[in-house]
Amino acid sequence: MADLNIIEKANKVLTFRKYIREECRKKGLEYPSDEKIAEYIADCGGDECVYDLNDFMSDYETKDGVFRDPFVDFKAEIDKYSWADKPSDEEMREYISKNGYNVEGFLRQHTINSYNPLERNTLLSTLKKCTIPQLVALWNDFIEEAAIYGADSYIYDLKSDCDVFDLRKSMCPSEWAKVHSMASRGIRYVSWHNLNDGKILSFNDEDIKGTIIAFWSDIFPRFLTWTCECYNDLGKANTDGRYRGFFDEVIRPVLLKALGYNYDPSKGIVEEIKKD
């Protein structure tokens, strides 16, 4: 025998839908889509109270619950940051239309766009051509060479015997136990703020990319000062068996292009870019 509850529920929904339409007509409001009405009912669990017209219209008119514009919450998160040049609503909406409501992604893209062309192009080249371990090596080289930030900003690789040895010999048993637990959960990268509050922080791949992006305005000038002396060996072996370092493969081509030259690191050839 057919379940009559299905018919009863369908009648309730249709009646509820009719009342909503009539109420919106009275108030001169645009009628909500059937999809939003269905989402409202589902969000309330389909209980009897869900068919309260006053409650529905209150949420609909105040843009609360399922009718809340997610842009409002997105913008509120962005507004939490101190901005010298605050992003416009248009910039945020353009990002959302392409990437969704990803706050961290927006902050990252906004930071990249804020750099001058040479900084931005070298950064994009770095993110494109370097692996995560190479980005970690780049960060640690920067921390050591520039000495702008504390040595406890170093990022340890828990798959590196040297890094594990350094942590184990320097940490107290409770600290090492925490690191060991993190490693057992698949966490590969950590920082240990032993010169500050002693916190042990984990880093995933996106955290590492975000760190490079956020501090690029500090990192980039160091290449112009030290080039190959400090920023060439990131442990990158090339597919052709020859070793060419980070600066030569990733940074130099961008710098030379900005000066009007094409550079092929595999051949060591520099050619002037011909203008039409």
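Of note:
- Fully extending the segment from ASP207 to TRP226, taken as 0.36 nm per residue of separation minus the present Cα-Cα distance, adds 4.2 nm.
- Region 4-67: translational diffusion in µm²/s, Stokes-Einstein, Kirkwood Rh over Cα pairs, 25 °C, 0.890 mPa s: 205
- Added length on full extension, which subtracts the Cα-Cα distance from 0.36 nm per residue, ASP233 to ASN99: 44.8 nm
- Here is the P(r) of region 53-131: all C-alpha pair distances, binned every 10 Å from 0, give 15, 36, 28, 12, 7, 3 in whole percents.
- Gyration tensor (alpha-carbon) shape descriptor, region 117-163, a/c threshold 1.5: oblate
- Computed from the Cβ-Cβ distance with R0 of 41 Å, the FRET efficiency linking GLU8 to PHE71 stands at 0.60.
- Nearest-ten-degree value, helix 132-146 long axis tilted from longest Cα axis of the chain: 60
- When +1 charges are put on Lys and Arg Cβ atoms and -1 charges on Asp and Glu Cβ atoms, the dipole computed for the chain relative to its Cα centre reaches about 640 debye.
- Diffusion constant of region 71-114 at 37 °C, which comes from Stokes-Einstein with the Kirkwood Cα-pair radius and 0.692 mPa s, µm²/s: 314
- Remark: the chain projects, on average over all directions, an area of 26.7 nm² (convex hull of Cα atoms).
- The chain: angle of helix 4-27 to the longest principal axis, Cα-based, in degrees nearest 10: 90
- Simple spin-label estimate for ILE273 and ALA147 in nanometres, 7 Å along Cα-Cβ: 3.8
- Positive-end residue, region 117-271 charge dipole about Cα centroid, Cβ charges, pick of ILE132, SER153, PHE223: ILE132
- Computed from backbone phi with θ = phi - 60° and the Karplus coefficients 6.51, -1.76 and 1.60, the 3J(HN,Hα) list for region 219-224 is 6, 3, x, 5, 5, 6 Hz; x is used for glycine and proline.
- Region 117-271 shape via C-alpha gyration tensor axes, a/c threshold 1.5: prolate
- With R₀ set to 35 Å, the beta-carbon distance separating LYS86 from LEU118 gives a calculated FRET efficiency near 0.90.
- Considering only alpha-carbon pairs that sit under 8 angstrom and 6 or more positions apart, the relative contact order computed for the chain is 13 percent.
- All other residues whose Cβ lies under 11 angstrom from that of TRP192 are scored, Lys and Arg at +1 and Asp and Glu at -1, for a net of -3.
Each value in this text was obtained by applying a stated rule to the coordinates, not by laboratory testing. Worth saying up front: this structure is predicted, and the values here are computed from it rather than measured. Using ideal geometry, Cβ is built from the backbone for each residue, glycine included, and neighbour counts are taken over all protein chains shown.
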